[in-house]
Amino acid sequence: MKLTHMRPDDIREAVRADTPVIMAAGVIEYHGYHLPVGTDILLASYVCEEAARRSGSIVAPPLAYGPTLSWAGGPEEGEIDFDPAAFKGYVKEALRGLLAIGFRRIYILQHHQGAEGLQSLACRMAAAELVREMTADWGAGWGRKNPADTPEPNVFGLVKVAGLDGYSDYSGMGNERMPVGHAGKGETQLMMAAAPDTVRMDRFHLNGAELPEWLLDTPEASEAEGRRWIDFCVEGWTLKLQSR
């Protein structure tokens with residue numbers, strides 16, 4: 001269910017049931033001529049919505065803007081490089097609001113530049129600052145107490161940030177890992193599965209310019225393989241949201 005569609009009584013019941021909340025985070029960024037500029041947020045949103053549907057979780061509005069560093073392209077190609085300080089502040093206030101409502105299991109499914117990228121770091125910093133503010137009046141040495149005796153026993157688990165396959169189970173798969181690569185084979189085939197109407201392979205080399213290295217394997221994209229991996233991601237997130 002979507003948070004934006006819930007009424008106050010629905011929300012109070014969800015809080016009483018300790019229902020997880022999940023929100024997508026991505027950016028508006030050039031992804032070649034064959035993919036939309038919203039590729040990152042579209043993929044994150046798809047996995048969020050599918051995992052929430054299967055697990056009975058709540059989908060909060062997405063974080064659709066974020067820092068891109070103008071790495072792939074510029075404004076003339078639709079890219080928006082969002083100030084990381086402004087982004088972190090926005091995330092912090094969104095999380096503060098969800099915590100104030102009473103939600104205690106909040107997840108950000110972040111898809112842009114990986115776990116060590118600027119957007120992921122900003123999300124985690126926003127959550128960490130809220131934890132610091134929350135514990136400021138608990139007194140020195142509060143970590144020595146039994147967690148159950150603190151005002152918020154799950155203080156370090158209130159907000160979690162992870163990628164598309166952040167909770168996927170790779171055991172038994174050897175060295176095989178989901179290919180992602182910016183706008184290349186990995187992301188293209190994920191989009192073929194998650195948002196097929198947005199993929200235009202006939203426009204792949206539209207401008208005739210020399211392709212950057214990250215686009216060279218794009219023609220190898222397979223919708224069937226993309227479906228396999230997108231389902232893999234959804235399953236991992238579904239199991240995480242269902243866990244206690």
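The values are calculated or read from the model by the stated rules, or taken from the named source; none is laboratory data. Here the structure is a predicted model, which is why all the values come from computation and not from measurement. Every residue, glycine as well, gets a Cβ built from its backbone with ideal geometry; the counts of neighbours run over all protein chains shown.
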- Query: Restricting attention to the range 147-199, which residues are among the charged types (D, E, K, R) and either closer than 17 Å to Val234 by Cα or touching a residue at least 60 places away in the same chain (Cβ under 8 Å) (or both)?
  - Reply: Lys160, Asp165, Asp169, Arg177, Glu187
- Item | Scope the range 135-155; condition surrounded by fewer than 16 Cβ atoms within 10 Å (Cβ to Cβ) and either acidic (Asp, Glu) or under 22 Å from Asp18 (Cβ atoms) (or both); matching residues | Asp137, Asn146, Pro147, Ala148, Asp149, Thr150, Pro151, Glu152, Pro153, Asn154
- Item | Candidate set from the range 87-100 (those that are among the aliphatic types (A, V, I, L, M) and over 18 Å from the mean Cα position of the chain (by Cα)); member that is nearest to Gly117 (Cα to Cα) | Leu99
- Item | Residue satisfying condition, being more than 14 Å from the chain's Cα centre (by Cα), under 28 Å from Arg12 (Cβ atoms) and crowded, with 17+ Cβ neighbours inside 10 Å, within set Leu109, Leu130 | Leu130
- If a residue has to be hydrophobic (A, V, I, L, M, F, W, C), in contact (Cβ under 8 Å) with a residue 60 or more places away in the chain and under 25 Å from Gly184 (Cβ atoms) to count, how many in the range 72-110 make the cut? 3
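Of everything in the range 184-213, what is among the polar types (S, T, N, Q) and within 11 Å of Leu35 (Cα to Cα)? Give them in sequence order. Give the derivation first.
Filtering the range 184-213 down to residues among the polar types (S, T, N, Q) leaves 188-189, 198, 207.
Listed by number, the residues that qualify are Thr188, Gln189, Thr198.
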- Kindly establish whether Ala148 is part of a helix (DSSP H, G or I), modelled with pLDDT of 95 or more and of a type in the set (A, V, I, L, M). no
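Is one or more of the residues making up the range 71-84 assigned to a strand (DSSP E or B) and at pLDDT 95 or above?
No, the range 71-84 contains no residue that is assigned to a strand (DSSP E or B) and at pLDDT 95 or above.
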- Qualifying residue in the range 21-41 (condition: among the polar types (S, T, N, Q), assigned to a helix (DSSP H, G or I) and farther than 18 Å from Leu99 by Cα): yes
- Met201 fails exactly one of the following numbered conditions: (1) out of contact with any helix residue (DSSP H, G or I) (no Cβ under 6 Å at 6 or more places or on another chain); (2) closer than 30 Å to Lys92 by Cα. What is the number of that condition? (2)
